[in-house]
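The values are calculated or read from the model by the stated rules, or taken from the named source; none is laboratory data. As the structure is a computational prediction, the values presented were derived from the model and not from experiment. Backbone-built Cβ (ideal geometry, glycine too); neighbour counts: all protein chains shown. Areas reflect the complete protein model, heavy atoms only, side chains present, ligands, DNA and RNA absent. Shrake-Rupley method; radii C 1.70, N 1.55, O 1.52, S 1.80 Å.
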Amino acid sequence: MEEQRYITIDIHATGIRSAVLRAHEMHKTIRLGDVLLHEDRHDLPPDGGPGIRDAVVKIVQDLNRRFGAAGVCISTAGIVEPERGIVFHAPDAFPDYAGTNWKELIQNECGLPCEAEGGFNCAGLAEDISGAAMSAHSSLCLSIGDSVGASIIIDGQIWRGYSLSACAIGYLPMYGSTFENLASTDALARKVAAIKGNLSLPWGSGRIFEEAKKGDKDCVRAIDDMCEVLGRGIATVCYVINPEIVVLGGSAMTEHLFLMPRIRAAMEKYMIEPLTVNTFIASAAHGYLAGMLGAYYHFLLMRKS
């Protein structure tokens, strides 16, 4: 039987990732090298929704010509109505993107079946099905990077809430601001620049972690403040859903050895003993490919239903 291949697309705040995956079974440990046939990164078009739609169509058409595809799996910023594949809420950084109907657009322009889901839900599915939460009945999966988002997976199903907006924790009010505005890597960079007294310096998160590991007290202080906010926010969600495992991913968690003890200590400050003893915390297994891998799993699940 001919090998089936799937095009996966991840549309996020800093760009578009694309990949071609070999078809493989769910709920089994995988090595990404065994299923990943191709991967690429693309700039995010500056004109919002119209540019994103045009760019994705061209990427899919090109990859389909080169590899052949049984379907297209999209992980995207924003909140998605999964049955129709429509983005019904988009972040401010994505003008004219809300209302995009990915299933209809890809079918009409590329002749391929398509499923779409929110990026944070896709990352959670990837960790639940073949990653760090594979053996858990309930998981809270956070992505910490330029933005902060999460998903809740219970017995293999995304918990979406009544209006499909469950776990939009980036908007959680905290300290007169929001969780995302205080705990993202962008917030970390702004804080270090403010402490250093020069907002024009290139204080990216990578540089901040490197300086902190060298002993820079300002960088350590800013990271500790970030972890304090993360611990409080995660504890708040845990009080509501009491997950078996909390999985932390996103670009910030490339520094998991540095961050994990700090985040765990902050969580324990705000959690009662039944939660601290029985909630496991782990680093995500699939890294930046989680969104695309989860989009593939979402495609399979939608086609089964």
(request) Collect the residues in region 170-179 that are surrounded by fewer than 23 Cβ atoms within 10 Å (Cβ to Cβ) and not in a loop (DSSP other than H, G, I, E, B), keeping them in residue-number order. (result) Gly170, Tyr171, Pro173, Met174, Ser177, Thr178
(request) Check Trp203 against each of (1) assigned to a helix (DSSP H, G or I); (2) open to solvent by less than 60 Å² (accessible area, probe 1.4 Å); (3) over 30 Å from Met26 (Cβ atoms) and name the one condition it does not meet. (result) (1)
(message) Taking the condition of being part of a helix (DSSP H, G or I) and either touching a strand residue (DSSP E or B) at 6+ places or on another chain (Cβ under 7 Å) or over 15 Å from Trp102 (Cα atoms) (or both), how many residues in region 28-57 meet it?
(response) 7
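I'd like to check which strands (runs of 3 or more DSSP E) are fully inside region 58-162 and have at least 1 residues that are open to solvent by 40 Å² or more (accessible area, probe 1.4 Å) and modelled with pLDDT of 95 or more. Walk me through how you get there before you give the answer.
Details: elements: 71-76, 79-81, 86-89, 114-118, 138-144, 148-154.
Because the criterion is at least 1 residues that are open to solvent by 40 Å² or more (accessible area, probe 1.4 Å) and modelled with pLDDT of 95 or more, the strands (runs of 3 or more DSSP E) in region 58-162 that meet it are 86-89, 148-154.
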(request) Consider only pairs whose beta carbons are under 8 Å apart and that are at least six residues apart or on different chains; among these, list those whose first residue lies in region 278-296 and is within 24 Å of Glu268 (Cβ to Cβ) and among the basic types (Lys, Arg) and whose second residue is at pLDDT 95 or above and open to solvent by 10 Å² or more (accessible area, probe 1.4 Å). (result) none
(message) For region 119-166, which positions are of a type in the set (S, T, N, Q) and either under 26 Å from Ala189 (Cα atoms) or touching a residue at least 24 places away in the same chain (Cβ under 8 Å) (or both)?
(response) Asn121, Ser130, Ser138, Ser139, Ser143, Ser147, Ser151, Ser165
(request) Can you give me the number of residues within region 17-33 that are hydroxyl-bearing (Ser, Thr, Tyr) and either open to solvent by 80 Å² or more (accessible area, probe 1.4 Å) or more than 18 Å from the chain's Cα centre (by Cα) (or both)? (result) 1
(message) So in region 216-246, with the set limited to residues that are open to solvent by 50 Å² or more (accessible area, probe 1.4 Å) and assigned to a loop (DSSP other than H, G, I, E, B), which one is nearest to Leu257 (Cα to Cα)?
(response) Glu244
(message) Here are the criteria: (1) within 30 Å of Ala132 (Cα to Cα); (2) touching a residue at least 40 places away in the same chain (Cβ under 8 Å); (3) surrounded by fewer than 16 Cβ atoms within 10 Å (Cβ to Cβ); (4) not hydroxyl-bearing (Ser, Thr, Tyr). Tell me which single one Leu36 does not satisfy.
(response) (3)
